[in-house]
Amino acid sequence: MKKWMIVLMSLMLTTPVLAQYGRTHVHRLPAPPPPRNSYRHSVDSYRYSCDAYYGLRLGVGFATVNSDDKYLDGGSMKAGLNASVVAGFQLGHYSPVYFETGISYVEKGGEGHYEGAKFTYGLNYLEMPLLIKGFVDITPNFSVQPFAGGYVALGISGKIKDFGQRQTYSSFDHEGFKRFDGGIKAGCGVQYEFLYGEIGYDFGLANISHDYFDTSHTGMLYTTIGVNF
């Protein structure tokens, strides 16, 4: 009887020690990462679970044409529409930096005066942005997205309106502008869940003047709103 009591008391004393040892030395495997393409309602989890995003944009731009040729100088702003389809691709796994491109319809141009008459210049382009964009998380659902890069554009339509003679001309004929344009694009976007908005500036570097002795450059301040998928 005494032997069983001694054994029982020994077990009662050693059990807490063994239990503590087990808790201390057990090797738990880390929780598996979430699926690569899992869907979550936050900017952070949305970004880090996807390699790419796609977006739609619609907005307005305020454009100018600055030219050495007084006939083509439209230094006053002209408002126009811009609409885009974009795609962003992650630069490295779990990286907060993306490469963004797409295709945009952009209405540029300007307004000016020549020999007392008002002129307006409409320059409508298909434009391809080539941007590097960063994501800075402010909250789990809200991020700030600065971007910078370049763009290339092809003129597809547009009119020069001479209000003095009450006549219109093609913007891209031999007396107007070249169709090719390219330059620098920079700005900043913000995203709340899947809603997106941005403001930016296009600074044209290409000389769109046909005259080798004059230079003409486009410029546009713009803002857009849209969604990212």
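In segment 171-204, how many residues are more than 19 Å from N82 (Cβ to Cβ) and modelled with pLDDT of 95 or more?
Residues meeting the conditions: 4.
Looking only at segment 50-73, how many residues end up being of a type in the set (A, V, I, L, M, F, W, C), under 22 Å from the mean Cα position of the chain (by Cα) and not in a strand (DSSP E or B)?
1
Quick check on this structure: which one of R179, R166 is among the basic types (K, R) and touching a strand residue (DSSP E or B) at 6+ places or on another chain (Cβ under 6 Å)?
Only one candidate passes the filter, namely R179.
Pull up segment 47-86, narrow it to residues that are more than 23 Å from K108 (Cα to Cα) and small (G, A, S), then point me to the one that is surrounded by the fewest Cβ atoms within 10 Å (Cβ to Cβ).
Checked segment 47-86; the qualifying residue surrounded by the fewest Cβ atoms within 10 Å (Cβ to Cβ) is A52.
Considering only residues that are within 21 Å of N66 (Cβ to Cβ) and buried (at least 18 other Cβ atoms within 10 Å of the Cβ), which ones fall in segment 124-158?
Selection gives N124, Y125, E127, Y151, A153, G155, G158.
State all residues of segment 157-200 that are of a type in the set (S, T, N, Q), free of Cβ contacts under 8 Å to residues at least 60 places away in the same chain and part of a loop (DSSP other than H, G, I, E, B); if no residue qualifies, say none. Talk me through it step by step, then tell me what you get.
Taking segment 157-200 and keeping what is of a type in the set (S, T, N, Q), we get 157, 165, 167-168, 170-171, 191.
When the remaining residues are screened for being free of Cβ contacts under 8 Å to residues at least 60 places away in the same chain, the result is 157, 165, 167-168, 170.
Matches in segment 157-200: Q165 only.
For residues in segment 90-106 being among the hydrophobic types (A, V, I, L, M, F, W, C) and out of contact with any Asp or Glu (no Cβ under 7 Å at 6 or more places or on another chain), which is nearest to I132 (Cα to Cα)?
Step by step, filter segment 90-106, then rank; the result is F99.
Hey, could you check segment 178-194 for residues that are closer than 20 Å to Y105 by Cβ and of a type outside the set (A, V, I, L, M, F, W, C) and say which is nearest to the chain's Cα centre (by Cα)?
For segment 178-194, the residue satisfying everything is G189.
Restricting the first residue to segment 65-77 and requiring it to be under 12 Å from N207 (Cβ atoms), which pairs with a second residue that is among the hydroxyl-bearing types (S, T, Y) and assigned to a loop (DSSP other than H, G, I, E, B) meet a Cβ separation below 6 Å and a spacing of at least six or different chains?
If the second residue must be among the hydroxyl-bearing types (S, T, Y) and assigned to a loop (DSSP other than H, G, I, E, B), the pairs left are D68/T215.
Show the residue pairs that are 6+ apart or on different chains and have beta-carbon atoms under 6 Å apart, the first residue being within segment 48-64 and at pLDDT 95 or above and of a type in the set (S, T, N, Q), the second being surrounded by fewer than 14 Cβ atoms within 10 Å (Cβ to Cβ) and assigned to a strand (DSSP E or B).
Partner pairs satisfying both residue conditions: T64/G75.
Checking the condition farther than 14 Å from L72 by Cα and surrounded by fewer than 18 Cβ atoms within 10 Å (Cβ to Cβ), which residue from Y196, Y222, Y192 passes? Can you show your working first?
Values: Y196 fails: surrounded by fewer than 18 Cβ atoms within 10 Å (Cβ to Cβ); Y222 fails: surrounded by fewer than 18 Cβ atoms within 10 Å (Cβ to Cβ).
Going through Y196, Y222, Y192 in turn, the sole match is Y192.
Quick check on Y151: is it under 20 Å from the mean Cα position of the chain (by Cα), aromatic (F, W, Y) and in a strand (DSSP E or B)?
yes
Please go through segment 118-164 and pick out each residue that is small (G, A, S) and under 23 Å from K185 (Cα atoms).
Selection gives G122, G134, S143, A148, G149, G150, A153, G155, S157, G158.
The values are calculated or read from the model by the stated rules, or taken from the named source; none is laboratory data. Here the structure is a predicted model, which is why all the values come from computation and not from measurement. For neighbour counting, all protein chains shown are included, and Cβ atoms are generated from backbone atoms with ideal geometry for every residue, glycine included.
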